[in-house]
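The values are calculated or read from the model by the stated rules, or taken from the named source; none is laboratory data. Keep in mind that what you see is a predicted model, and the values were worked out from it rather than measured. When we count neighbours, we look across all protein chains shown, and the Cβ atoms used for this are built from the backbone with ideal geometry, even at glycine.
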Amino acid sequence: MTYPAATIVFLVLIAAVIVLGFSAGRWKAGDMSHIEEWGLGGRRFGTWISWFLIGGDIYTAYTFIAIPALMFGAGAIGFFAVPYTIVCYPILYLVFPKLWRIAQRHGYITGPEFVRGRYGNRWLALAIGVTGIVATMPYIALQLVGMQTVIGALGLPGHIPLITAFAVLAAFTYTSGLRAPAMISVVKDLLIYVTVIAAIIIIPAELGGFAAIFAKVNPAKLLLATPPAGSLGAYSGYATLALGSAMALFLYPHATTGILSASGPRVIRRNAVLLPAYSIMLSLLALLGFMAVAAGVAGNPVYAAGFKHYGPSFAVPALILASFPAWFAGIAFGAIAIGALVPAAIMAIASANIFIRDIFSQFVGKRAAGRETFIAKVFAIFMIIGAVGFILFIPLTYAVQLQLLGGMWIIQTFPAIALSVFTRFFNGWALLAGWAVGIGTATWLAALNHFAGAIYPFHILGVTLPSYIAFATVLLNAAIAALLSLPLNALASDRARDETSAADYA
Amino acid sequence: MRLLLLLVFVIALAVPVFNRATPALFGFPFFYWYQIAAIPISSVLVFLVFRAEDRDEP
């Protein structure tokens, strides 16, 4: 144990959260054998619980480690997280209150279920559902990395603490369902806010103020590079990265689950106003990357082993250890670790909801009704074990690359889910074709980047237009879906198979 | 009213406008304080739309 005081505080916090996770099942208790109770908390979370839950869901441990690490390594481009978490809220406001109402009226608990109801096409829903599960797997794995980094920073040995933490996660996910992360997210967020506020006051004071911190950053990394002639350069790269990420965000199954568990459309709209409070916290957290530069932690021999093992991801843990008393470092690390457990639980539950409703009950056992919740619970545990295996047996770079691809894949469900809330212009098979082209092109372009970069320089009419691959390919996807819908609607319309009614969308 | 939501995208994605170091504020280069300031401003814009459209429902 390198830091006994920090480790003790850390372990006490984790233990408290585990107790909370197991007792959560009894809170506003419903019939836990029903999937809407286990997998959606009974659709009864009010404005504040939804605020904590969705906040815990989308501002994850991976975000807290990866965004400052990007700032630390690459500079200004890492700040795209700020416009990203600004423009996602108008999208939340416009699309998801409508989706909530439709889902509640028809008993849908997943995005793909809405698509199946809308188009009467279980193959399209399968494609959307599998995309969600596949995009979620590396995301859970990266939550573990966030946790592994702080466990490593505390000097705890080997994989045992990580496996223990996730075994417990699997157990309370099984017993308490979505109520567990909902309750834990309240604790997590209080700890995170305390950490960030302390960091933003104490560290700049130690380093001589913000002007001094920015002055220590390499000037070439302080701003985006001015684009060369004939190119939109970093400008379009930055803007499309923010916009594409925002379009993809709420399509992730865990985000949809967080939203659908709200008690009504008004709760979601209110949260589109209130959730940006987390974005302010994220913007300050991002700046920890620059503080780590200014504090010179990378050159400090005490942290050399950590940087060697975890790369730039070690910037924030090293900064915290260097700047705070040990007991407070324990609180900060506890916050990050709990920040991994909350989204990991929601991701496992959301994937399980999709598995039972859009895959198993549609293609395997049609009369699964009585066993529905049990099968979902088992699948959730399977997802958690898979994520642990991912981290233990597969090189970390693959998880990072798959997460990068995951974002490009999940955005391909935008036409089928988000646009279908507004229009029934599309044909189900046309959407499936657009989805396939989008997935294929995005994967191919990412391969051209050697799965290392998210931005591809497109050359259009003599102008270089660097764009986030996800953003460019979802435009192609929507264009193909629209073009194919024209003849398909005329020749083989599937409009009669829409089980939703116009009143659902009012 | 919903045009205010469009304004959020314009404010947050106008990269050429805010990719500059000056004027600095409290030691923050313009690029950073502009985007941080855009967060509460956008939240207010969404709130104005919410208030105009708010209905009596859960």
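When the range A:214-238 is examined, which residues are found to be out of contact with any Pro (no Cβ under 8 Å at 6 or more places or on another chain) and on the phi > 0 side of the Ramachandran plot? Listed by number, the list holds a single entry, A:GLY230.
If the requirement is being touching a Pro at 6+ places or on another chain (Cβ under 9 Å), modelled with pLDDT of 90 or more and among the β-branched types (Val, Ile, Thr), which of these qualifies: A:ILE151, A:ILE140, A:ILE102, A:ILE133? Exactly one of A:ILE151, A:ILE140, A:ILE102, A:ILE133 is touching a Pro at 6+ places or on another chain (Cβ under 9 Å), modelled with pLDDT of 90 or more and among the β-branched types (Val, Ile, Thr), namely A:ILE133.
Table: residues versus (1) within 27 Å of A:LEU232 (Cα to Cα); (2) in contact with a helix residue (DSSP H, G or I) (Cβ under 7 Å, 6 or more places away or on another chain).
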{"position": "A:GLY407", "(1), (2)": "yes, yes"}
{"position": "A:GLN412", "(1), (2)": "yes, yes"}
{"position": "A:HIS450", "(1), (2)": "yes, no"}
{"position": "A:ALA454", "(1), (2)": "yes, yes"}
{"position": "A:ILE469", "(1), (2)": "yes, yes"}
{"position": "A:VAL474", "(1), (2)": "yes, yes"}
{"position": "A:ALA482", "(1), (2)": "no, no"}
{"position": "A:ALA492", "(1), (2)": "no, no"}
{"position": "A:THR500", "(1), (2)": "no, yes"}
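Within the range B:9-29, the set of residues being at the interface with chain A (Cβ under 9 Å from one of its Cβ atoms) and of a type outside the set (A, V, I, L, M) comprises B:PHE9, B:PRO16, B:ASN19, B:ARG20, B:PHE26, B:GLY27, B:PHE28, B:PRO29.
The number of residues in the range A:280-320 that are modelled with pLDDT under 90 and among the polar types (S, T, N, Q) comes to 2. Scanning the range A:311-351 for residues that are buried (at least 22 other Cβ atoms within 10 Å of the Cβ) and among the aromatic types (Phe, Trp, Tyr) yields a total of 2. Just to verify a result, which residue in the range A:188-227, among those that are without any contact (Cβ under 8 Å) to a residue 40 or more places away in the chain and out of contact with any helix residue (DSSP H, G or I) (no Cβ under 9 Å at 6 or more places or on another chain), is nearest to A:GLY330 (Cα to Cα)? Step by step, filter the range A:188-227, then rank; the result is A:ILE201. Of all residues in the range A:33-49, those satisfying the criterion of being buried (at least 21 other Cβ atoms within 10 Å of the Cβ) and not in a helix (DSSP H, G or I) are A:GLY39, A:LEU40, A:PHE45.
Against the condition over 20 Å from A:PRO253 (Cβ atoms) and of a type in the set (Phe, Trp, Tyr), how does A:PHE79 come out, does it pass? Working first, answer last.
On the way: over 20 Å from A:PRO253 (Cβ atoms): yes; of a type in the set (Phe, Trp, Tyr): yes.
Yes, satisfied.
Per-residue answers, yes or no, for (1) within 28 Å of the chain's Cα centre (by Cα); (2) of a type in the set (Val, Ile, Thr); (3) loosely packed, with under 14 Cβ neighbours inside 10 Å:
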{"residue": "A:LEU178", "(1), (2), (3)": "yes, no, no"}
{"residue": "A:SER185", "(1), (2), (3)": "yes, no, no"}
{"residue": "A:LEU191", "(1), (2), (3)": "yes, no, no"}
{"residue": "A:THR195", "(1), (2), (3)": "yes, yes, no"}
{"residue": "A:ILE200", "(1), (2), (3)": "yes, yes, no"}
{"residue": "A:PRO219", "(1), (2), (3)": "no, no, yes"}
{"residue": "A:LEU222", "(1), (2), (3)": "yes, no, no"}
{"residue": "A:PRO228", "(1), (2), (3)": "no, no, yes"}
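Which residue out of A:ALA418, A:ALA433 is over 24 Å from the mean Cα position of the chain (by Cα), surrounded by fewer than 23 Cβ atoms within 10 Å (Cβ to Cβ) and in contact (Cβ under 8 Å) with a residue 12 or more places away in the chain? Reasoning before the result, please.
Values: A:ALA418 fails: over 24 Å from the mean Cα position of the chain (by Cα).
Going through A:ALA418, A:ALA433 in turn, the sole match is A:ALA433.
For the range B:30-46, the tally of residues that are closer than 21 Å to A:LEU241 by Cβ, within 8 Å of another protein chain (Cβ to nearest Cβ) and not aliphatic (A, V, I, L, M) stands at 4. Kindly check whether there is at least one residue in the range A:484-491 that is in a strand (DSSP E or B) and surrounded by 15 or more Cβ atoms within 10 Å (Cβ to Cβ). Within the range A:484-491 (the criterion being in a strand (DSSP E or B) and surrounded by 15 or more Cβ atoms within 10 Å (Cβ to Cβ)), the answer is no, since none of the residues qualifies.
Quick one: would you say B:VAL49 is modelled with pLDDT under 95 and within 8 Å of another protein chain (Cβ to nearest Cβ)? Steps first, answer last, please.
Values: modelled with pLDDT under 95: yes; within 8 Å of another protein chain (Cβ to nearest Cβ): yes.
Yes: the conditions hold for B:VAL49.
Of the residues A:ALA248, A:ALA277, A:ALA242, A:ALA234, the single one that is hydrophobic (A, V, I, L, M, F, W, C), within 15 Å of the chain's Cα centre (by Cα) and facing chain B (nearest Cβ under 9 Å) is A:ALA242. Close Cβ contacts (under 7 Å, 6 or more residues apart or on different chains) running from residues in the range A:253-268 that are within 13 Å of another protein chain (Cβ to nearest Cβ) to residues that are surrounded by fewer than 24 Cβ atoms within 10 Å (Cβ to Cβ) and polar (S, T, N, Q) comprise A:VAL267/A:THR47.
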